[in-house]
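Right, one structure below, let's go through it.
Throughout, read-outs are computed from the coordinates displayed, never taken from laboratory work. Nothing here was measured: the structure is a model prediction, and the numbers come from that model. Here the Cβ is made from the backbone with ideal geometry for all residues, glycine too, and neighbour counts use every protein chain on show.
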Amino acid sequence: MNTANGEPFAVVTVWCPFELGQHLSRKEVEQSAFYELLEIPIGGATQTIGADSATKTDAALLEIPTGSPVLHCERVTRDVGGNAVLLSHHVFAAHRTNFVVDLPSAGKSIAPSGMRLVD
């Protein structure tokens, strides 16, 4: 659970291979940025962001009604060799969240890069 100004901000769940996380304590993970705790260089990540409804569990943690709108993010983080080293799920209460994305000039495309329809 991440908080901002004393308010619940995000429910974050992170999975990593045993060999990368075996030396980490719960206290370290709760008080430090996860990337800083890893002993490997991070090469990048792919994050997918979508709209969803709060589950009963997430709603209770975020102090919002079940079914409220949330932003759900799934992130796959890779090392410099391109190997997936972390999978994380982030759930944000929609009324407390804005995502700001800087888009470089990408030619004459009508749709933002990376945008696709969901079935």
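Descriptive notes on the structure:
- Extension reserve of the Leu61-Glu36 stretch, reckoned as 0.36 nm per residue once the Cα distance is removed: 6.5 nm
- In the chain, a dipole from Cβ-located charges (positive for Lys and Arg, negative for Asp and Glu) runs towards its positive end, and of Phe99, Thr55, Gly21 it is Phe99 whose Cα lies farthest in that direction.
- For the range 13-65, the alpha carbon positions stretch 39, 26, 18 Å along the principal axes, listed from largest to smallest.
- Positive dipole terminus of the range 2-96, leading residue within His90, Gln31, Val76 (C-beta point charges): His90
- Efficiency of FRET between Val14 and Ser68 - r from beta-carbon atoms, R0 35 angstrom, step 0.05: 0.90
- Most mobile listed residue (Ala33, Ala93, Ala45) in the chain, GNM with C-alpha springs under 10 Å: Ala33
- Under 5 Å, built H, 5+ apart or other chain: amide partners of Ala54: Gly67, Ser68, Val70
- Dipole magnitude of the chain about its Cα centre (Cβ charges: Lys, Arg +1; Asp, Glu -1), debye to nearest 20: 280
- Label separation (Asp79 vs Val100): 3.5 nm, computed from points 7 Å beyond Cα along the C-beta direction.
- Radius of gyration and maximum dimension Dmax of the range 2-96, Cα, Å: 14.6, 42
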